[in-house]
Amino acid sequence: MSNVNAGNRPSGFARGLTNYGDRDFALYLRRSFARSMGYSDEMLVRPIVGICHTPSGFNNCHRHFPELLEAVKRGVLAAGGLPLEFPVISLGEVFLSPTSLKFRNLMSMDVEEMISAQPMDSVVLLGGCDKTVPAQLMGAVSADIPAVQLVAGPMMTGRYKGERLGACTDCRRFWARYRSGEIGQAEIAAVEGNLATTAGTCAVMGTASTMACVAEALGLALPDSAAIPAVHADRLRCAEASGRRAVGLIGSDLTPRRIVTEHSVENALRVILALSGSTNAILHLAAIAGRAGIALSLERLNELSETTPVLVDLKPVGDNYMEDFHAAGGLDAVLRQLKPLLHLDCMTVTGETLGQRLEGRPAIAADPRVIHAASDPISPVGGLVALFGSLAPGGAILKRAAADQRLLEHEGRAVVFAGLDDLARRIDDPDLDVEPDDVLVLQNAGPRSPSSMPEAGYLPIPKKLARRGVKDMLRISDARMSGTAFGTVVLHVTPEATIGGPLAAARTGDRIRLSVSRRRIDLLVDEGEIASRLAQRSTIETVGGRGYDWLYRQHVLQADQGCDFDFLQQRS
Ligand code: FES
């Protein structure tokens, strides 16, 4: 019986032996225990494909994973490998407190360590819900054995009174109507039952769908795999193909760090911009790139945004849902339209370059109602921009495609909330002094804050204004926003207020100016006054805690570096 590959390197169960001081004994013992699982001699000598598996009773988006897992295994077995699944932490977006982002790095460490510590020759990463794919990609880049990302796929839409509903843009839309008094308790309860009706990730171009497209654009997922609905038979065929491909990658040097390069990161940025994708994707891509020793530059993001058209008409910015995107041609159709702008020499898990991938497969005619031609874009410039200025010297992000265009050049009076508790206490106070032209500011909701950068940047429109029909206001914070949300919302302000960024100096009554044309966000207060306010502010405890909370508070980086831990980034 042999557990070596063609290069005479240990393979399968002979990889990474447990250390007993006797390698032959370690292999003998391992195989005897593997036999207890009923594997035949033929299986025991096969190369192993690990399947990084993330089902959880706390993750509705992954509830179909048992079926997907079987399909991956089928592909691995058919191609001559031995599939062995292993569990890692699963992050169900809405079941975690204070916010799933806090645990993304923990999951990435779990992924990296379990890939590295267990004997596998390649790995299929089975993830989907918002933070799971970034965590798996971060971990896989660090572990750096051949890897194929397989995503959950999006949910199908539900129906309510003849209207299509999809999590979670429509969740927010109906909640805003409820807050404004347009609909009542009975109706919001009926809507609740129709928003998320199948397995899979959110039905719009939210964070999960954007990250699925990022995985494919980076070259780490199979062609045209990002948008297949979770319940579609093609999703199972894609799972089988991913298993097969993971066997094909064994022994090759096509590892994630060869695939994640400066050029493939730029391709992924172009895709995010063309999709008007989630602002969270910028943060996650920075973290993934950081694991490969690549710094994602927000200035470069702005350069790319100037020359990348928005092509995709999907909620939360447009009208359609992920199932429409898949039917309209999916990411493949977008990549073909972007082709002149992409680095076509980037390698993909198929073993082809991106250019070869696009040339080697027939183009499917895209539905122009959902995926526009580059010659007829929804917008000639990208959906997201980075902003800099006296309020955000390290940068901030705005999804301009989701904003009220009248607010893109705006100056207004600040109405400041010192944190999430303050926001909850006062936002609906009938006596709150606030007008539609004011700028809502939320402080102390960044990565080092006690709330660990939640998706609270989509500050609710104060009830008294919502009832007057106000739908959007300029909002600014160091928090994040759900990829399914929309509005004129400046996010990820860096450095954050909790560590003394200028956002902490803002006071109610100050003037704030947003100028998207100049890429600026400024607190119109004298520099000396800002410095003096910051010197006088009471500091917020950013260390302390225990266990993972302690580790997180000690080591989390700012948003411009993807909120990864400093010790996990690859030092070039
Ligand atoms: Fe899982 Fe939206 S809640 S993707």
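Placing unit charges on C-beta atoms (Lys and Arg positive, Asp and Glu negative, everything else neutral), compute the dipole magnitude of segment 171-282 about its Cα centre in debye, rounded to 20.
Details: 11 positive and 10 negative charges, 14 e Å.
With Lys and Arg at +1 and Asp and Glu at -1, about 60 debye.
Restricting attention to the chain, give the cysteines that have no other cysteine Cβ less than 4.7 angstrom from their Cβ.
CYS52, CYS202, CYS213, CYS238, CYS346, CYS563
Report ³J(HN,Hα) in whole Hz for each residue of segment 185-192, in order, from the Karplus equation J = 6.51 cos²θ - 1.76 cosθ + 1.60 where θ = phi - 60°; Gly and Pro get x.
Taking θ as phi minus 60°, the curve returns 4, 5, 6, 5, 5, 5, 5, 3 Hz for segment 185-192.
Taking θ as phi - 60°, what are the ³J(HN,Hα) couplings along segment 240-247 by the Karplus curve (6.51, -1.76, 1.60), each to the nearest whole Hz, with x for Gly and Pro?
4, 5, 5, x, 4, 5, 4, 5
Go through LYS73/LYS339; LYS73/LYS315; LYS161/LYS464; LYS131/LYS315; LYS315/LYS399; LYS131/LYS471 and tell me which ones have a Cα-Cα distance over 24 Å in this structure.
Numbers: LYS73/LYS339 34 Å; LYS73/LYS315 34 Å; LYS161/LYS464 28 Å; LYS131/LYS315 20 Å; LYS315/LYS399 13 Å; LYS131/LYS471 29 Å.
Table pairs above 24 Å Cα-Cα are LYS73/LYS339; LYS73/LYS315; LYS161/LYS464; LYS131/LYS471.
Quick one: which of 498-505, 510-517, 437-444 comes out on top by average Cβ neighbours within 10 Å, and what's the full order, highest first? Kindly include the intermediate steps, with their values, before the conclusion.
On the way: 498-505: 22.1, 510-517: 18.4, 437-444: 23.6.
In descending order of packing, they fall as 437-444, 498-505, 510-517.
Of all DSSP beta bridges in segment 98-209, what percent run antiparallel (nearest 5)?
On the way: 3 of 9 bridges.
Beta bridges within segment 98-209, antiparallel portion: roughly 35 percent.
At 222 nm, what value in deg cm²/dmol follows for the chain if DSSP H runs of at least 4 each add -39500 (n - 2.57) and the sum is divided by all its residues, to the nearest 500?
Working: 20 runs with 199 residues, N = 572.
Result for the chain: -10000 deg cm²/dmol, rounded to the nearest 500.
Once each part is reduced to its C-alpha centroid, what is the distance from segment 144-161 to segment 381-448 in angstrom?
Each part's Cα centre sits 31 Å from the other's.
How many percent of DSSP beta bridges within the chain run antiparallel, rounded to 5?
On the way: 25 of 54 bridges.
So the antiparallel bridges amount to about 45 percent of the total.
What's the ranking of 117-125, 17-25 by average number of surrounding C-beta atoms within 10 Å, highest first?
Details: 117-125: 24.2, 17-25: 11.0.
Output ranking for 117-125, 17-25: 117-125, 17-25.
Using a Förster distance of 51 angstrom, determine the FRET efficiency expected from the C-beta separation of ARG406 and GLN118, and round it to 0.05. All intermediate terms of the calculation are to be shown ahead of the outcome.
On the way: r = 55 Å, r/R0 = 1.08.
Step by step, r from the Cβ atoms, then E = 0.40.
Report the charge-dipole magnitude of the chain in Debye, nearest 20, computed about the Cα centre from +1 at each Lys and Arg Cβ and -1 at each Asp and Glu Cβ.
Working: 60 positive and 65 negative charges, 110 e Å.
So the dipole magnitude of the chain works out to roughly 520 debye.
Using the alpha-carbon centroid of each, what span in Å lies between segment 486-533 and segment 72-94?
Cα centroid to Cα centroid, the span is 46 Å.
Past the 45 angstrom mark, what percentage of all C-alpha to C-alpha distances in the chain do you count? Present the calculation step by step, with values, prior to reporting the outcome.
Working: 25812 of 163306 pairs.
Of all Cα-Cα distances in the chain, 16 percent exceed 45 Å.
For Cα pairs less than 8 Å apart in space and 6+ apart in sequence, what is the mean separation divided by the residue count of the chain, i.e. the relative contact order in percent? Could the numbers behind the result be given before it?
On the way: 1334 pairs, mean separation 75.3, N = 572.
Once divided by the residue count of the chain, the mean separation gives 13 percent.
If you count, for each residue, the other Cβ atoms within 10 Å and average over each peptide, how do 289-295, 547-553, 241-247 line up from highest to lowest? Present the calculation step by step, with values, prior to reporting the outcome.
Values: 289-295: 21.9, 547-553: 14.1, 241-247: 25.4.
Descending mean neighbour count gives 241-247, 289-295, 547-553.
In debye, nearest 20: dipole of segment 40-151 around its Cα centre with unit charges on the Cβ of K, R (+) and D, E (-)? Don't skip to the answer; put the middle values down first.
Details: 7 positive and 12 negative charges, 60 e Å.
Taking the Cα centre of segment 40-151 as origin, the dipole is about 280 debye.
Any read-out appearing in this document is the output of simple, stated calculations on the displayed coordinates, not a laboratory observation. The structure displayed is predicted, hence computed values, not measured ones. Positions of Cβ are generated from backbone atoms using ideal geometry, with glycine treated the same way; all protein chains shown enter the neighbour counts.
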